[in-house]
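The values are calculated or read from the model by the stated rules, or taken from the named source; none is laboratory data. What you see is a predicted model; the values in this text were computed from it and never measured. No Cβ is skipped: glycine too gets one built from the backbone with ideal geometry, and neighbour counts run over all protein chains shown. Calculation scope for accessible area: heavy atoms of the full protein, side chains included, ligands and nucleic acids excluded. Shrake-Rupley method; radii C 1.70, N 1.55, O 1.52, S 1.80 Å.
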Amino acid sequence: KAKANMGSIHLQKQEYDVANRFFTETLARVRTSGDEIGEARALMNLGRAQLAQGAVDAARTQFESARVIAWKTGWSDGIASAVFLLNDMKKRDKGEDTSQNSTSMRLDKLQKRIGKLTTGTEQIKPE
């Protein structure tokens, strides 16, 4: 966890190479230990660093992998976070608003919906 925290600090400082190194080390460690939720977290962190560096496709891959793991483990906050990050990327691609206020409202709404899905009070409808 300390390496992930160090990665987050370096990401905030825009020291992307250092952040990537910490997140990659964290990912290797949690995969070795079998910590699937830790793996999903590490993938999202690594994706954030890659996105900040402009590696959009790599970031999308990390977020999608995190979403799959979060869904498999039933980690509803992870599902919400990964889906939010993927949707936010789509909105940016389309030039839509991704400001902090808009982002916070969308995340809150998504987390409530994911909670309903994981408790069985709402069904997923195919698009």
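Counting only residues that are open to solvent by less than 30 Å² (accessible area, probe 1.4 Å) and of a type outside the set (A, V, I, L, M, F, W, C), how many does the range 34-44 have?
In the first step, residues of the range 34-44 are kept if they are open to solvent by less than 30 Å² (accessible area, probe 1.4 Å); the result is 38, 40, 42-44.
Among the residues that remain, those that are also of a type outside the set (A, V, I, L, M, F, W, C) are: 38.
Residues in the range 34-44 being open to solvent by less than 30 Å² (accessible area, probe 1.4 Å) and of a type outside the set (A, V, I, L, M, F, W, C): 1 in total.
For Gln12, state whether it is under 25 Å from Arg92 (Cβ atoms), in contact (Cβ under 8 Å) with a residue 24 or more places away in the chain and open to solvent by 70 Å² or more (accessible area, probe 1.4 Å). If you could, list the steps in order and put the result at the bottom.
Details: under 25 Å from Arg92 (Cβ atoms): yes; in contact (Cβ under 8 Å) with a residue 24 or more places away in the chain: no; open to solvent by 70 Å² or more (accessible area, probe 1.4 Å): yes.
Against the criterion (under 25 Å from Arg92 (Cβ atoms), in contact (Cβ under 8 Å) with a residue 24 or more places away in the chain and open to solvent by 70 Å² or more (accessible area, probe 1.4 Å)), Gln12 does not qualify.
When you check Thr61 against the structure, is it at pLDDT below 85 and either loosely packed, with under 14 Cβ neighbours inside 10 Å or out of contact with any Lys or Arg (no Cβ under 6 Å at 6 or more places or on another chain) (or both), yes or no?
On the way: at pLDDT below 85: no; either loosely packed, with under 14 Cβ neighbours inside 10 Å or out of contact with any Lys or Arg (no Cβ under 6 Å at 6 or more places or on another chain) (or both): yes.
Against the criterion (at pLDDT below 85 and either loosely packed, with under 14 Cβ neighbours inside 10 Å or out of contact with any Lys or Arg (no Cβ under 6 Å at 6 or more places or on another chain) (or both)), Thr61 does not qualify.
Can you name every residue in the range 19-33 that is of a type outside the set (D, E, K, R) and either buried (at least 16 other Cβ atoms within 10 Å of the Cβ) or outside any helix (DSSP H, G or I) (or both)? Spell out how you get there, then give the answer.
Of all residues in the range 19-33, those of a type outside the set (D, E, K, R) come to 19-20, 22-24, 26-28, 30, 32-33.
Of everything in the range 19-33, those that are of a type outside the set (D, E, K, R) and either buried (at least 16 other Cβ atoms within 10 Å of the Cβ) or outside any helix (DSSP H, G or I) (or both) turn out to be Ala19, Asn20, Phe22, Phe23, Thr24, Thr26, Leu27, Val30.
Quick check on the range 1-30: of everything there that is among the aliphatic types (A, V, I, L, M) and touching a Leu at 6+ places or on another chain (Cβ under 8 Å), which residue is farthest from Ala52 (Cα to Cα)?
Ranking the candidates gives Leu27 first.
Of all residues in the range 30-47, those that are out of contact with any Ser or Thr (no Cβ under 6 Å at 6 or more places or on another chain), closer than 24 Å to Val83 by Cα and free of Cβ contacts under 8 Å to residues at least 40 places away in the same chain total 9.
Scanning the range 84-91 turns up no residue that is buried (at least 17 other Cβ atoms within 10 Å of the Cβ) and assigned to a loop (DSSP other than H, G, I, E, B). Consider Ala2 carefully, then state whether it is of a type outside the set (Ser, Thr, Tyr) and open to solvent by less than 40 Å² (accessible area, probe 1.4 Å). Taking the combined requirement at face value, the residue does not satisfy it.
Please state which one of Gly54, Gly74 is out of contact with any strand residue (DSSP E or B) (no Cβ under 9 Å at 6 or more places or on another chain), at pLDDT 90 or above, surrounded by fewer than 17 Cβ atoms within 10 Å (Cβ to Cβ) and on the phi > 0 side of the Ramachandran plot. Outline the logic, then answer.
Values: Gly54 fails: at pLDDT 90 or above.
Of Gly54, Gly74, the one residue that is out of contact with any strand residue (DSSP E or B) (no Cβ under 9 Å at 6 or more places or on another chain), at pLDDT 90 or above, surrounded by fewer than 17 Cβ atoms within 10 Å (Cβ to Cβ) and on the phi > 0 side of the Ramachandran plot is Gly74.
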